[in-house]
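Undergrad: Next up is a structure, given as structure tokens.
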Amino acid sequence: MSLLAGGNLKKLNNMDEKVKQYIDKQKSPQKEILQKIRRLIQEVEPSATEAMSYGVPAFKLNGNVIMYAAFANHIGIYPEPDTVKFFAKELVGYETAKGTIQFNLAEPVPYSLIEKIVKYRFGATKTNENTKIQKRS
């Protein structure tokens, strides 16, 4: 996946100020990993809104969709409990909890898996929103 494909360069540079501060204060390699995850999420769903949520960067579309954060020894992503369940087989070998996935910094970051998770979350959100709209009709 090209992280600058689809003409999203302008949006990629338009970072929420609090998110920018959060990412900028991280050490290497966490800083670079967060930047790459951020670009990946924006490419998957350019219409998502970037903000801080629970003290960490998040992208929202019809509510919190996915959050991500840096720690001393891992990167965490927070895609909601149903997503962790859905990807259980692919997440074997990673630390997981109810709505949390941890990627150890001693191992390569599985960006293609993160991309699949993000696509699932945004797709699930769109499906849930469509279901709500259909129920209202």
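Undergrad: When segment 65-93 is examined, which residues are found to be surrounded by 17 or more Cβ atoms within 10 Å (Cβ to Cβ) and within 17 Å of Leu40 (Cβ to Cβ)?
TA: Val65, Ile66, Met67, Tyr68, Ala69, Ala70, Ile75, Ile77, Tyr78, Pro79, Thr83, Phe87 - these are the residues of segment 65-93 that are surrounded by 17 or more Cβ atoms within 10 Å (Cβ to Cβ) and within 17 Å of Leu40 (Cβ to Cβ).
Undergrad: Taking the condition modelled with pLDDT under 95 and either under 11 Å from the mean Cα position of the chain (by Cα) or basic (Lys, Arg) (or both), does Asn64 pass?
TA: yes
Undergrad: If I go through segment 28-67 residue by residue, how many of them are touching a residue at least 40 places away in the same chain (Cβ under 8 Å), more than 14 Å from Ile114 (Cβ to Cβ) and of a type outside the set (A, V, I, L, M)?
TA: Of the residues in segment 28-67, 5 are touching a residue at least 40 places away in the same chain (Cβ under 8 Å), more than 14 Å from Ile114 (Cβ to Cβ) and of a type outside the set (A, V, I, L, M).
Undergrad: A further question follows. If only one of Gln102, Gln35 is surrounded by 12 or more Cβ atoms within 10 Å (Cβ to Cβ), part of a helix (DSSP H, G or I) and either touching a Gly at 6+ places or on another chain (Cβ under 7 Å) or at pLDDT 95 or above (or both), which one is it?
TA: Gln35
Undergrad: Can you confirm whether Asn14 is farther than 19 Å from Ala69 by Cβ, touching a helix residue (DSSP H, G or I) at 6+ places or on another chain (Cβ under 7 Å) and modelled with pLDDT under 95?
TA: On the way: farther than 19 Å from Ala69 by Cβ: yes; touching a helix residue (DSSP H, G or I) at 6+ places or on another chain (Cβ under 7 Å): no; modelled with pLDDT under 95: yes.
Spelling it out, it is not the case that Asn14 is farther than 19 Å from Ala69 by Cβ, touching a helix residue (DSSP H, G or I) at 6+ places or on another chain (Cβ under 7 Å) and modelled with pLDDT under 95.
The values are calculated or read from the model by the stated rules, or taken from the named source; none is laboratory data. What you see is a predicted model; the values in this text were computed from it and never measured. Every residue, glycine as well, gets a Cβ built from its backbone with ideal geometry; the counts of neighbours run over all protein chains shown.
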